[in-house]
Structure formats: C-alpha cells, structure tokens
Amino acid sequence: MTFVAGVLVLLQGVRMFLGEIIPAFKGISEKLIPGARPALDVPIFYASGPVATTVGFLCAMVGGILATLISTQLKVVVLPGVIGLFFMGGAAGVFGDKLGGKRGCVVASFLLGFLFTLIVALAYPLIDVTGYGVEGLWFASTDAILVSVFMRLIGMIAGV
C-alpha cells in the first residue's frame, strides 16, 4: 500500500510540476526562442497509465533481478539499478500497455529490466576502468555503457 501511495504522490507531483513549469516556460520561450516547446523526462507519461506505471516498475525489477542471478555466472555480478528501473520500467509499462495491452506492459518492462541489467554485466569486461584507479565499479546507465563499448570497439579496430 505504501508503494502505491508513493506512486500516486509522484503522479500528483508530476501534474503539479507540469501545471507550473509549462506556463513559465512559455513566457520565457516567447521572449528568447519563439516557437520552442518544453521537453520533459519520462514521468510525464505516468499519468497516462498509473497502473501500467506500477506494473512496469515491478516487472522491470523482476527482469533486473533475473539478470542479476544470471550475472553470477559471469565475470561480474551486477545489482539492478532501482532508480533507472523505476523510471524507465514505468515508462515501458505505459507504452507497452498502450501498444500491446497487459501483455505488452509486462513484456516490455520485463525485457527493459532484464536487458538494462544484463548489458552492464556483458559489457563490463570490454572496458578496462582499472587505468583510472577504479576496480569493480562501473556506470549503471546502459546508454552510457553502449556508447563506451561502441567507442572501445572502434578503438580496437583502429588499433588504439
């Protein structure tokens, strides 16, 4: 019950935030950048499906935990990033629900949580961070990891 209440508080906070920031942005943008539109992060979608948001987070967390269990057999064990799984899993749940119903909500958010966590474990050996004096610690953000791996692969091809 506490979790659901927390999600509802978050949703209400997003509504209040949007109600305040959009008019303020519009006033500033008309003077500085006419025709500009505000861009906000994924919580803006939560109001479109509060139940899908909650289900999305929970399924993303289950996917992340499963990937953690699988990563125990790899070189590194990755703990699921709860904040990332909450925000992205909730959004994946909303989009999955709108595009594929309940099944889409569950599958999309589960896959997001699973891949978000497993990609970190699979990519860790490709990037050597020990040269920076760091061992056993790495980014928990999959997008930063994918860019790092891509740059590393280009470096390997170029012989750098």
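Key figures for this structure:
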quantity	calculated
Criterion: among the aliphatic types (A, V, I, L, M), in contact with a Cys (Cβ under 9 Å, 6 or more places away or on another chain) and closer than 19 Å to ILE83 by Cα - qualifying residue of VAL51, VAL14, VAL4, VAL42	VAL51
Test: PRO34 is outside any helix (DSSP H, G or I) and not aromatic (Phe, Trp, Tyr)	yes
Residue in the range 46-53 that is under 22 Å from LEU146 (Cβ atoms) and in the same structural domain as THR142 (by TED's automatic domain parsing) present	no
Sole residue being surrounded by 14 or more Cβ atoms within 10 Å (Cβ to Cβ), assigned by TED's automatic domain parsing to the domain that holds ALA144 and free of Cβ contacts under 8 Å to residues at least 40 places away in the same chain, chosen from PHE57, PHE86	PHE86
Pairs, first free of Cβ contacts under 8 Å to residues at least 40 places away in the same chain in the range 4-15, second outside any helix (DSSP H, G or I), C-beta under 7 Å, six or more apart	none
Selection status of LEU126, of a type in the set (A, V, I, L, M), in contact with a Lys or Arg (Cβ under 7 Å, 6 or more places away or on another chain) and surrounded by fewer than 16 Cβ atoms within 10 Å (Cβ to Cβ)	yes
Matching residues, the range 106-120, being buried (at least 20 other Cβ atoms within 10 Å of the Cβ) and either in contact with a strand residue (DSSP E or B) (Cβ under 8 Å, 6 or more places away or on another chain) or within 12 Å of VAL149 (Cα to Cα) (or both)	VAL120
Close pairs (9 angstrom Cβ cut-off, 6 or more residues apart or separate chains): in a helix (DSSP H, G or I) in the range 42-54, surrounded by 19 or more Cβ atoms within 10 Å (Cβ to Cβ) and of a type in the set (S, T, N, Q) anywhere	PRO43/THR53; PHE45/THR53; TYR46/THR53; ALA47/THR53; ALA52/SER109
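The values are calculated or read from the model by the stated rules, or taken from the named source; none is laboratory data. As the structure is a prediction and not an experimental result, all values here were calculated from the model. Quick reminder, even Gly has a Cβ in these numbers, built from the backbone with ideal geometry, and neighbours come from all protein chains shown.
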